[in-house]
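Engineer: Here you go, one structure.
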Amino acid sequence: MSESRIDITDVVIAAAGGINAAGRSSGHQAFRRVVFDALSPVQQAQLLNEIANLTERPPHEALEGTLVRRWDSDCPQLRGWNPEAMLYHEVIDSEKSDLDNGIKTYRENHRRCDVQSAGQLPRGFNLSGLYNSRHHPRGLQMALYAAADALGNLGMSADDIKQHLHPDDIAVYMGSTAGQLDMEGFGGMLCSAYLGQRNTSRQLPMGISTMPADFINAYLLGNAGSTGSNNGACASFLYNLRMALDDIRSGRRKLVLTGNSEAPLIPGIVEGFNAMGALATEERLRKLDNLTEDQQPDLRKASRPFAQNVGFTMAESAQCFILTSRETALELGLNILGSVGDVFIHADGHKRSISAPGIGNYITMGKALASAERTLGKGCLNHSFVHAHGSSTPQNRTTESDMFSRLATAFDIENWPICAVKAHLGHSISAASADQLLMTLGSWNYGILPGVTTAPAVADDVTLEHLEIPFAHTHKEQSDIQLAFINSKGFGGNNASAWVLSGQASRDHLQTLVTQNEWHQYIAKNEKIREKQKAYLSAVAKENIPLPYRDKENQPEPDDIELTAEGMKLPGWKARINF
């Protein structure tokens, strides 16, 4: 579809759900944790109780067990790590050993891990206890939670959706960059032979990178519509968002669940990134802060985007957004949290290093700015802000700030606010830009832009012309932040940028496109949706409710379907599939 035909409310965001280091996504819980210091005392007290209920711990202890921090001793992804060390195996040549039977033997060698911080899910949150997880990799557990949380926040169950939409109308685009590399997935499959164990029948299929979508289809929705995931390294969520956007805008789908689930906090992946020199190690942080060998760095401040920094901090996160067409939102009375304008993806061209940033991001952000200005009119960019990739590496802080500054100059943007929530959440790889979009929804709801509170000031080599990088949480008028840009950069030259419009601005625009009677009908339906949403949010704020996991459902068999040349009828669905 040509860019000139874009209507900002073609594709709306009806719900969000998930879990990351700050907490649950629905009800803006994770956002409120990030900007905790900017909340009122009443709001802070409410959040403390919610986090305590989520983690089943006392309020202030629960708060400490969120965001970027030192490794948790009870983190399930750290099995195989000595409490403060990693297990290594060193091969000993038999000719140099006491053995003379020609068989190589192994010696255990323990070394403390260089990386001591991560953006882990809230300490004490028992994800696997919410359903019969049965040896599921952590990333798949997180994906199911994210989708279930999104459905609860939507105000409609999977069965409700099936009564209103055709199977053809629905899609799920959700995956992971690394796949599931813990012992229940590919990790166990690859390690079993070396450990003298046998592979299980689950490890290979459960490790596949598209399995988050597959699990949601099979065990939550019963979806028979489109499915899949597009992998673009750390920009993967925006790749999936563009698939959802294109599907809905073209008329192929009416409702799409899109997101990513990444659980990379396992020894092999952490060591892989560390070998590249990409991570903030304990030693580098100590040197950065001029500490002695006996002094411990503040690991809660390990991630410092656009400040003096030494590398990024890995994190786990699963986020799911439910996008619908404008007509579907009106027909079903769904909430309108925002709308998606467009997503642009470009490579870097020739590269000296496959992991280094390149010119592709100038193209994606430039196109996003031009697209928004064409659609919304001249001057809209001065009412916008950016959620930067902000990975907390020296290369990123110089290259991304240079790109933002040049584009701000070209598009006549003054004092452009640049947010970087990896300061609080860490870098969740494929889910990183999903974290950014989630924080954008929170800013629109509360009028607060998250600041880089993990550092005192911007680094000297960061370009600041026309930019405003807040190092404290700042309150903004809704009219000043109605337009947001989400930027993401991935290894290999995977650059993606998107622009989205606030819920209030989207609703205002949508109201001009319908009659007064149609709008009143929508409001009446929306009240019922809000009642269901409110009931869900109230329940999940008090306790962790079981996931609506369905592994005992009867699989549709050929004899269960009604098949003709025109289409087929599936059990559980009100409408037919049209061939």
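Engineer: So, in nm, how far is label Ala472 from label Glu327 when the simple model puts each one 7 Å beyond its Cα toward the Cβ?
Structural biologist: 5.1
Engineer: Using θ = phi - 60° and the Karplus curve 6.51 cos²θ - 1.76 cosθ + 1.60, what whole-Hz ³J(HN,Hα) does each residue of the range 342-357 get, with Gly and Pro shown as x?
Structural biologist: Coupling constants for the range 342-357: 6, 10, 10, 10, 8, 8, 9, x, 5, 9, 7, 10, 5, 9, 7, x Hz.
Engineer: Residues with amide H under 5 Å of Tyr173's amide H, sequence separation 5 or more or different chain, H placed in the peptide plane at 1.01 Å from N; which?
Structural biologist: Excluding prolines and chain starts, which carry no amide H, the hits are Leu257, Thr258, Gly259.
Engineer: Just the accessible area for Arg304, please: 1.4 Å probe, Å², rounded to the nearest 10?
Structural biologist: Rounded to the nearest 10, that gives 20 Å².
Engineer: Restricting to the range 225-323, compute how many DSSP beta bridges are antiparallel as a %, nearest 5.
Structural biologist: Bridges in the range 225-323 that DSSP calls antiparallel: roughly 90 percent.
Engineer: Here is a further query. Lys378: which lysines have alpha carbons under 23 Å from its alpha carbon, excluding same-chain residues fewer than 8 sequence positions away?
Structural biologist: Of all the lysines, those that pass the test against Lys378 - Cα under 23 Å, at least 8 places apart if same chain - are Lys367, Lys476.
Engineer: While we're on this one: Which value in deg cm²/dmol, rounded to the nearest 500, describes the helix-derived mean residue ellipticity at 222 nm for the chain, given -39,500 (n - 2.57) per DSSP H run of n ≥ 4 and division by the residue count?
Structural biologist: One gets -10000 deg cm²/dmol as the mean residue ellipticity at 222 nm.
Engineer: Accessible area of Thr454, 1.4 Å probe, to the nearest 10 Å²?
Structural biologist: Surface accessible to solvent at Thr454 totals approximately 10 Å².
Engineer: In whole Å, how far is the Cα centre of the range 138-166 from that of the range 440-483?
Structural biologist: Going from one Cα centre to the other spans 32 Å.
Engineer: Considering the options Ala505, Ser443, Ala524, tell which one lies farthest towards the positive end of the dipole of the range 418-548, charges being +1 on Lys and Arg and -1 on Asp and Glu at the Cβ, about the Cα centre.
Structural biologist: So the residue furthest toward the plus end is Ala524.
Engineer: Show me, for the range 262-272, the HN-Hα J-couplings you get by feeding each phi into the Karplus relation (A = 6.51, B = -1.76, C = 1.60, θ = phi - 60°), rounded to Hz, glycine and proline as x.
Structural biologist: Going residue by residue, I get 10, 10, x, 8, 10, x, x, 6, 4, 5, x Hz, with x marking Gly and Pro.
Engineer: Relative contact order of the range 283-354, please, whole-number percent, based on alpha carbon pairs below 8 angstrom and at least 6 residues apart.
Structural biologist: Averaging sequence separation for qualifying contacts and normalising by length gives 17 percent for the range 283-354.
Engineer: What are the ³J(HN,Hα) values, in whole Hz, obtained from phi via the Karplus relation 6.51 cos²θ - 1.76 cosθ + 1.60 with θ = phi - 60°, for each residue of the range 147-157 in sequence order, with x given for Gly and Pro?
Structural biologist: 3J(HN,Hα) across the range 147-157, in whole Hz: 5, 5, 5, 5, 5, x, 6, 5, x, 9, 8.
Engineer: I'd like the distance separating the alpha-carbon centroids of the range 499-570 and the range 308-358, in whole Å.
Structural biologist: The range 499-570 and the range 308-358 have Cα centres separated by 22 Å.
Engineer: Between Ala356 and Glu283, what is the FRET efficiency for a Förster distance of 35 Å, r being their Cβ-Cβ separation, to the nearest 0.05?
Structural biologist: So the FRET efficiency works out to roughly 0.90.
Engineer: To continue, here is another question. For Thr564 and Gln44, calculate 0.36 nm times their separation in residues minus their Cα-Cα distance, and state this gained length in nm to one decimal.
Structural biologist: 181.4 nm
Engineer: For the chain, rounded, prolate or oblate, judged on the Cα gyration tensor with a ≥ b ≥ c (square roots of eigenvalues), a/c < 1.5 rounded, else prolate if a/b > b/c?
Structural biologist: It comes out oblate by the Cα gyration axes.
Engineer: Now for a separate question. Answer rounded, prolate or oblate for the range 195-262, using the Cα gyration tensor with square roots of eigenvalues a ≥ b ≥ c: rounded when a/c is under 1.5, else prolate when a/b is larger than b/c, else oblate.
Structural biologist: Verdict is oblate for the range 195-262.
Engineer: Separate question: Would you mind getting me the FRET efficiency between Cys191 and Asn578? Use the beta-carbon distance for r and R0 = 51 Å, nearest 0.05.
Structural biologist: Once rounded, the FRET efficiency stands at 0.65.
Engineer: Determine the shape class of the range 349-452: with a ≥ b ≥ c the square roots of the Cα gyration tensor eigenvalues, call it rounded for a/c under 1.5, and otherwise prolate if a/b is greater than b/c, oblate otherwise.
Structural biologist: Oblate is the answer for the range 349-452, as a/c is 1.5 or above yet b/c matches or exceeds a/b.
Engineer: Can you give me the relative contact order of the chain as a percent, contacts being Cα pairs under 8 Å and 6 or more apart?
Structural biologist: 21
Engineer: For a protection proxy built on the mean count of beta-carbon atoms within 10 angstrom, sort 502-514, 532-544, 310-322, 10-22 highest first, please.
Structural biologist: Packing proxy ranking, top to bottom: 310-322, 10-22, 502-514, 532-544.
The values are calculated or read from the model by the stated rules, or taken from the named source; none is laboratory data. For clarity, every value in this text was computed on a predicted model and none was experimentally measured. Backbone-built Cβ (ideal geometry, glycine too); neighbour counts: all protein chains shown. Please note that ligands, DNA and RNA were not included when accessible areas were found on the heavy atoms of the full protein model with its side chains. Shrake-Rupley method; radii C 1.70, N 1.55, O 1.52, S 1.80 Å.
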